[in-house]
Amino acid sequence: MIKADTQRYGPKIEPQRSWVANEPEKLNKVLAKLEEIQAGLAKTVFIADLIGLGGTAALEKAAQESGYNIRLPCVAGRGDALFRNKPISSLSNT
């Protein structure tokens, strides 16, 4: 399963995707659902942006369930962190 998922999502999500702390089995289910959502969109949206949007929605829902009505901004893209400019050695699991 890990090999197939690496082929599916490519090296951009590795090595973090396989880290035990990220619960790879659960993460693969979430990524599959986000990919399904992504496929149904009229515009191109990156998985990373959907992850950010999902996290924002989860925080808003948790706050609402605690009695707070908040709206959090969600900005797509990461202009400050281009993959080609980040050394792979900085992604160690230590």
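Miscellaneous remarks
- Computed log₁₀ I(q)/I(0) - Debye formula, equal Cα scatterers, no solvent, segment 10-76, q 0.19, 0.21, 0.24 Å⁻¹: -0.88, -1.00, -1.11
- Solvent-accessible surface of protein heavy atoms, probed at 1.4 angstrom with all chains present, puts 29, 61, 43 in the order 43, 29, 61, largest first.
The values are calculated or read from the model by the stated rules, or taken from the named source; none is laboratory data. Here the structure is a predicted model, which is why all the values come from computation and not from measurement. Only protein heavy atoms, including side chains, enter the accessible area calculation; ligands, DNA and RNA are left aside. Shrake-Rupley method; radii C 1.70, N 1.55, O 1.52, S 1.80 Å.
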